[in-house]
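Notes follow the structure.
The values are calculated or read from the model by the stated rules, or taken from the named source; none is laboratory data. Only a predicted model underlies this, so the values are computations on that prediction, with no experimental measurement involved. Every residue, glycine as well, gets a Cβ built from its backbone with ideal geometry; the counts of neighbours run over all protein chains shown.
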Amino acid sequence: MTLQDAATSAKIRIRDLHKSFGEKQVLAGIDLDVAEGESLVVIGGSGTGKSVLLKCILGIMQPDRGSIQIDGQEVTGLGRRGREQVMQKFGMLFQGAALFDSLPVWENVAFGLLQAKKLGRTEARARAVETLARVGLGPDVADLSPAELSGGMQKRVGLGRAIATQPEILFFDEPTTGLDPIMADVINELIARSVRQLGATAISITHDLASARKIADRIAMLYRGKIVWQGPVGQIDDSGNPYVDQFIHGRAEGPIQLDVRAA
Amino acid sequence: MNPLAVIGRLFLGFLQAIGDLTLFAGRAVAQGVSGPWYPRTIVRQMIDIGYYSLPVVGLTAIFTGMVLALQSHTGFSRFEAQSAVATIVVLSMTRELGPVLAGLMVAGRVGASMAAEIGTMRVTEQIDALTTLSTDPFKYLVWPRLLAGLLMLPLLVLVADVIGVFGGYLVGIYKLGFGPEEYIRRTWEFLEVQDVVSGLVKAAVFGFLVALMGCYQGYHSRGGAQGVGAATTKAVVSASILILTANYVVTEIFFSR
């Protein structure tokens, strides 16, 4: 495959992406390709711009400069209607699950089906219960309110909401943060399985290496708004890259300088 | 720093806030009207604003009507014009105190809770989550609240008018020695349709403003629990100021006709 083919067949193609907040440059020229059906994990310390990258792709934030293409379609500067169209391809699991606390669990899971796909309530509920089973939750959870669930359970419901519309692209924002190691592993398993079952293209951001190893086909490391290394997950232990080495061994000394202020 | 520069900066900030707010309201109305509509959310908001505000607004109205009767009696009895008490009560309630007091009470009750709810949704990324589920937050969150405020406050004010007049009636009958028939006759005697209508128009404007400030401040809240608290305060204060300002403007429009 030539470079040209690789670029045109990429599900998500990002070129020269810039984003600053006032003086602080958060994304400083990101180039990234994610192939169809590939699971990419972006690693990096806190405040390196991982979340901002996802939010730019989702259109929640407008990049200052650069191009984002999804299935070859330019999505930066897309109008509201076009954006809603593109969003139908997406599912996202948020860091704090971001469940709607005014709605019961099943309506959270079925939200995309009810609103965007215009399913009837009975059918949507049945689909929601099915989806809950896929993330390991029984039908008895369906009528609870999100506030009654533990953090791990909320993550599962969030994952259910993300996959319920069978999206082509899945985003995971720090999926294991705040969970105990066992629950984290359960969530990782569920993510890996869901992505495989849907045949979806996935981007996850995390600083949890156990999680990255489990769900990634390929890993990219972000530092100071740039991709400093990317490669297959198997190569991460002998990347020969001082940034990656410092990060995976968790050393305080090395080329990575800690930023005090959040992005 | 140059004091003139400070004044200039404050003024520019003020203009920018007005511009932001206008764009926000315009976007909400344009997006909301073009649909899809969310009838369940609209009904829930209407119940919350209309039905659950009844006790607060009713209590405010009855005591206002009562005190109006007492005070106007004190004043008018000094030049033998006690018979005007019923007219004063009904005109004050319908034209002015009904809408303004109901508006202020609803700003405290509903505006604050809207700002807190939407603000919490903002800081817990629920608003971003809406976007990823192909749902426009302006259609789903803001427009139903604006519409509910616009429709329900006039109904609340109508109830407040009746309760306020009833408060005046109670004091008039049991304290000031009016006959029941006489009081009711005098209540109707000089009341015109426009008195009630102008009050209801005010109520619709106030309801829209209260919901708008609740949504606007909540939508733009930043930085966790403290940010949500600040948004709540700002929503109530700004809605109250806007109500009092708009009250003059609407009165002026009706008065000059």
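Identify, from the list B:239, B:230, B:204, the residue that is free of Cβ contacts under 8 Å to residues at least 12 places away in the same chain and either charged (D, E, K, R) or closer than 24 Å to residue B:143 by Cα (or both).
Exactly one of B:239, B:230, B:204 is free of Cβ contacts under 8 Å to residues at least 12 places away in the same chain and either charged (D, E, K, R) or closer than 24 Å to residue B:143 by Cα (or both), namely B:230.
Report, by residue number, each residue of the range B:106-133 that is under 10 Å from the mean Cα position of the chain (by Cα) and either surrounded by 21 or more Cβ atoms within 10 Å (Cβ to Cβ) or within 12 Å of chain A (Cβ to nearest Cβ) (or both).
B:106, B:107, B:110, B:111
Give just the number: which of (1) within 13 Å of chain B (Cβ to nearest Cβ); (2) touching a Lys or Arg at 6+ places or on another chain (Cβ under 9 Å); (3) not in a helix (DSSP H, G or I) does residue A:67 not satisfy?
(1) is the only condition that residue A:67 fails.
Here is a list: B:48, B:20. Which entry is under 23 Å from the mean Cα position of the chain (by Cα), within 14 Å of another protein chain (Cβ to nearest Cβ), under 21 Å from residue B:215 (Cβ atoms) and at pLDDT below 95?
Only one candidate passes the filter, namely B:48.
Which of the residues that make up the range B:224-257 are within 20 Å of residue B:20 (Cα to Cα) and either of a type in the set (Phe, Trp, Tyr) or exposed (fewer than 15 other Cβ atoms within 10 Å of the Cβ) (or both)?
Correct list: B:233, B:237, B:241, B:245.
Determine, yes or no, whether residue A:75 is in contact with a strand residue (DSSP E or B) (Cβ under 9 Å, 6 or more places away or on another chain) and away from chain B (no Cβ under 14 Å).
Answer is no for this residue.
Considering the range A:91-111 alone, what residues qualify as being under 18 Å from the mean Cα position of the chain (by Cα) and either modelled with pLDDT under 90 or more than 9 Å from chain B (Cβ to nearest Cβ) (or both)?
A:93, A:95, A:96, A:97, A:109
Does residue A:47 fit the bill of being on the phi > 0 side of the Ramachandran plot and in a loop (DSSP other than H, G, I, E, B)?
Yes; evaluated as a whole, the condition is true for this residue.
May I ask you to list the residues in the range A:40-60 that are more than 14 Å from residue A:13 (Cα to Cα) and touching a strand residue (DSSP E or B) at 6+ places or on another chain (Cβ under 7 Å)?
A:41, A:42, A:43, A:44, A:48, A:49, A:50, A:51, A:52
If residue A:54 meets every condition in (1) among the aliphatic types (A, V, I, L, M); (2) out of contact with any Ser or Thr (no Cβ under 7 Å at 6 or more places or on another chain); (3) surrounded by 18 or more Cβ atoms within 10 Å (Cβ to Cβ); (4) farther than 22 Å from residue A:206 by Cβ apart from one, which number is that one?
The one condition residue A:54 does not meet is (4).
If you take the residues in the range A:79-90 that are within 21 Å of the chain's Cα centre (by Cα) and assigned to a loop (DSSP other than H, G, I, E, B), which one is farthest from the other protein chains (Cβ to nearest Cβ)?
Result: A:89.
For residue A:60, which of the numbered conditions (1) in contact (Cβ under 8 Å) with a residue 12 or more places away in the chain; (2) at negative phi fails to hold?
Only one criterion is unmet by residue A:60, namely (1).
Of the residues that sit in the range A:112-136 and are touching a residue at least 24 places away in the same chain (Cβ under 8 Å) and among the β-branched types (Val, Ile, Thr), which one is farthest from the other protein chains (Cβ to nearest Cβ)?
Per the criteria, the residue is A:135.
One line per residue, one yes/no per condition, for (1) touching an Asp or Glu at 6+ places or on another chain (Cβ under 6 Å); (2) in a helix (DSSP H, G or I); (3) small (Gly, Ala, Ser):
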position	(1), (2), (3)
A:95	yes, no, no
A:117	no, no, no
A:126	no, yes, yes
A:129	no, yes, no
A:167	no, no, no
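Just one of the numbered conditions (1) within 14 Å of chain A (Cβ to nearest Cβ); (2) surrounded by fewer than 22 Cβ atoms within 10 Å (Cβ to Cβ); (3) under 17 Å from the mean Cα position of the chain (by Cα) is not true of residue B:144; which one?
Unmet for residue B:144, out of (1) within 14 Å of chain A (Cβ to nearest Cβ); (2) surrounded by fewer than 22 Cβ atoms within 10 Å (Cβ to Cβ); (3) under 17 Å from the mean Cα position of the chain (by Cα): (2).
Might you check whether a residue that is buried (at least 17 other Cβ atoms within 10 Å of the Cβ) and aromatic (Phe, Trp, Tyr) occurs anywhere in the range B:56-63?
Scanning the range B:56-63, I find no residue that is buried (at least 17 other Cβ atoms within 10 Å of the Cβ) and aromatic (Phe, Trp, Tyr), so the answer is no.
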